[in-house]
Amino acid sequence: MNEQTTKLYDEGYCLFRDVFDTGLIERLRSVTDRLLDAVPTEERERMRYQGSSIPVKYQDPAFSELVGWPGSLDALALLGFEDPKFWAGYILSKPAHGPPLYWHQDWIFWDDPVSADPDPGQLFLMIYLVDTNVFNGCLRVIPGTHRRRIDLHGGLDAAHTEDAQQADESSN
């Protein structure tokens, strides 16, 4: 097993850098900026914790190029996923200085035997279109939480639901 695959299975994530060329990144920035600018103000306010969640459909040919990009397919093959299937994509963007989204797990099948399988049931590929770091809002991960449900989540509103979107910021 290579280093990236070991990290994925042990910690639940791995990092690949410089997978996409700057031309595709620029096209994606342009398309996502246009789609984000079209989000109504009231929707932006409602989604203040998690930011945008615009489904990627067929809004622009750049998305098709992204899904079939050779570099990302090569990265998945290096991890042992030679025949990946695209399930869904979302444009996630939080405005600067927005309130934090509380810790959560996006896996809903904890009570299903598939959760005990050592092979991931799904992979989430996050592609940053701007420079992002721990100071300006990159995704933070608790290594190993892909293997077990965290008890804390039983007391919180389910992430990405109406209740979570309306939660009092001081309670997060």
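Scanning segment 55-69 for residues that are crowded, with 16+ Cβ neighbours inside 10 Å, without any contact (Cβ under 8 Å) to a residue 40 or more places away in the chain, out of contact with any Gly (no Cβ under 6 Å at 6 or more places or on another chain) and part of a loop (DSSP other than H, G, I, E, B) yields one hit, Asp60.
Test Asp151 against the criterion of being closer than 15 Å to Leu28 by Cα and modelled with pLDDT under 90, and give yes or no. Walk me through it before giving the result.
On the way: closer than 15 Å to Leu28 by Cα: no; modelled with pLDDT under 90: yes.
Here the answer is no, as Asp151 does not meet what is asked.
Per the conditions (1) more than 24 Å from Leu35 (Cβ to Cβ); (2) open to solvent by 30 Å² or more (accessible area, probe 1.4 Å), the sole criterion not satisfied by Ala75 is (2). The residues of segment 7-21 that are in contact with a Pro (Cβ under 8 Å, 6 or more places away or on another chain) and either assigned to a loop (DSSP other than H, G, I, E, B) or of a type in the set (Lys, Arg) (or both), listed by number, are Gly12, Tyr13. Looking across Asp74, Asp18, Asp37, one residue alone is of a type outside the set (A, V, I, L, M, F, W, C) and more than 18 Å from Met126 (Cβ to Cβ). It is Asp37.
Could you please find all residues in segment 91-113 being without any contact (Cβ under 8 Å) to a residue 60 or more places away in the chain and open to solvent by 60 Å² or more (accessible area, probe 1.4 Å)? Across segment 91-113, the qualifying residues are Leu92, Lys94, Pro95, Ala96, His97, Trp103, Asp106, Ile108, Phe109, Asp111, Asp112, Pro113.
Only a single item in (1) surrounded by 12 or more Cβ atoms within 10 Å (Cβ to Cβ); (2) in contact with a strand residue (DSSP E or B) (Cβ under 8 Å, 6 or more places away or on another chain) is not met by Ala88, and it is number (1). Looking across segment 42-54, just one residue is open to solvent by 70 Å² or more (accessible area, probe 1.4 Å) and modelled with pLDDT of 90 or more, and that is Glu42.
The values are calculated or read from the model by the stated rules, or taken from the named source; none is laboratory data. Please read all numbers here as calculations on a predicted model, not as lab measurements. Cβ: placed from backbone, ideal geometry, glycine included. Neighbour counts: every protein chain shown. Each accessible area value is taken on the protein alone, full model and side chains, heavy atoms only, with ligands, DNA and RNA left out. Shrake-Rupley method; radii C 1.70, N 1.55, O 1.52, S 1.80 Å.
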